[in-house]
Amino acid sequence: MTAAKTNTARPVALGIMAMTMVVVASNVLVQFPVHGMLAGVNLADLLTWGAFTYPVAFLVTDLINRRFGPQAARRVVYAGFAVAVALSIVLATPRIALASGTAFLFGQLLDVAVFDRLRGGAWWKAPVVSSTVGTVLDTILFFSIAFAANFAFLGYHDDFAVGAAPLLGVFALEVPRWVSWALGDFSVKVLVAMGMLVPYRLLLMWLSPSPNSTAQG
C-alpha cells in the first residue's frame, strides 16, 4: 500500500462512518413530522425532523472532496450508500430505504461533481452551489419515491403523507402532504447547509488542499 493510500484510508473510513450515521438517522427521522404551530402554520404539514440532520452528509462529502479529491469523496459516497441502505432496511422500511439510497447516491454524486468543478473559486462557492443542487435532486427523488402514490407498489404506504392539505399549510391550493414536506424540508436543508459553512470553514483551517486533489477521479 502506498503512503498516499495509507494517509487517505483513515479519513475516508471516518468519513464513511460519519456518513452512515447521518443517513441512517435521517432515514428514521424523516418519518416523523415536526408537530407544532409557527405563526399559525401547522409544521406537521410541511416539515420532518430529517431535514435537520441530512445536510451534514454534504459537509462530510465536501470536506473529503476538498482535502483528498473527488475519487476519495466518491468512495465515501459509495460505501456510505451501501451501509446506510442495509441499516435502513432494518431501522426503517424497504421503501424508505430504497428512496433514501437512490436520492442519496445521485444527490451526493452530483454534489461531488459540481464541487470539484468549482473548487478553484472562493472557499464558500463550491460547498454552497454543490450542496444546493445536490439537495434539489435528493429532495425530488426521495420524497417522490418514498411517499408519492405512483410508487405505492414499492410497499410502505403512509396515508397521512398522501392526504390532501393546504400547500405549505397556508395556501388555498391543496396538495398531498409529502409535497409540502418536500418543499419545507428543502428550505430547512438549504438553511442548515448554509449553517454548515461555519464548521466547514473552521475545519478547513486544519485541512490543507491536497496537491493532487484536482487530478484524482
* **Two-site label geometry, Leu43 and Leu154: point separation in nm, points 7 Å out along Cα→Cβ** => 2.7 nm
* Which residue, Asn27, Asn42, Asn65, has the most motion in a Gaussian network model of the chain that connects Cα atoms within less than 10 Å? -> Asn42
* Asked: In the full protein assembly as shown, how much of Lys125 is accessible to a 1.4 Å probe, in Å² to the nearest 10?
  -> 90 Å²
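Between Val136 and Glu174, what length comes free when the chain is fully extended (0.36 nm per residue of separation minus the Cα-Cα distance, one decimal in nm)? Before the final figure, lay out the partial values.
On the way: separation 38, 0.36 × 38 = 13.68 nm, distance 2.21 nm.
Roughly 11.5 nm would be gained on extension.
Quick one: grab the alpha carbon gyration tensor of the stretch 76-186, order the square roots of its eigenvalues as a ≥ b ≥ c, and give me rounded if a/c is under 1.5, else prolate or oblate depending on whether a/b is larger than b/c. Let's see the in-between values first.
Values: a/c = 3.32, a/b = 1.37, b/c = 2.42.
Oblate is the answer for the stretch 76-186, as a/c is 1.5 or above yet b/c matches or exceeds a/b.
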* Within the chain, helix-based [θ] at 222 nm, where runs of 4 or more DSSP H residues each add -39,500 (n - 2.57), nearest 500 -> -22000 deg cm²/dmol
* To do: Pick out which of Trp124, Trp206, Trp181 has the largest mean-square fluctuation in a Gaussian network model of the chain, springs linking Cα atoms closer than 10 Å.
  => Trp206
* To do: Could you tell me which of rounded, prolate or oblate describes the stretch 131-181, using a ≥ b ≥ c as the square roots of the eigenvalues of the alpha-carbon gyration tensor, with rounded for a/c under 1.5 and, failing that, prolate when a/b is larger than b/c and oblate otherwise?
  => oblate
* Asked: Where is the GNM fluctuation largest for the chain (alpha-carbon springs, 10 angstrom cutoff): Ala152, Ala161, Ala97?
  -> Ala152
* Structure fact -> Tilt, helix 3-29 to longest principal axis of the chain (alpha-carbon atoms), in degrees rounded to tens, equals 10 degrees
* To do: Mind checking which of Gly163, Thr135, Gly120 is farthest towards the positive end of the stretch 71-187's charge dipole, using Cβ charges of +1 (Lys, Arg) and -1 (Asp, Glu) about the Cα centre?
  => Gly120
* So what's the Cα pair-distance distribution over the stretch 1-154, bin width 10 Å, in %? -> 11, 38, 32, 15, 3, 1
* Positive-pole candidate from Phe153, Leu29, Pro55, dipole of the stretch 23-166, charges at beta carbon -> Pro55
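The values are calculated or read from the model by the stated rules, or taken from the named source; none is laboratory data. Just so it is clear, the structure is predicted and the values come from calculations on it, not from any experiment. Methodologically, a virtual Cβ is constructed for each residue, glycine included, from the backbone with ideal geometry; neighbour enumeration extends over all protein chains shown. Side chains are part of the model used for accessible areas, which takes the heavy atoms of the whole protein and leaves out ligands, DNA and RNA. Shrake-Rupley method; radii C 1.70, N 1.55, O 1.52, S 1.80 Å.
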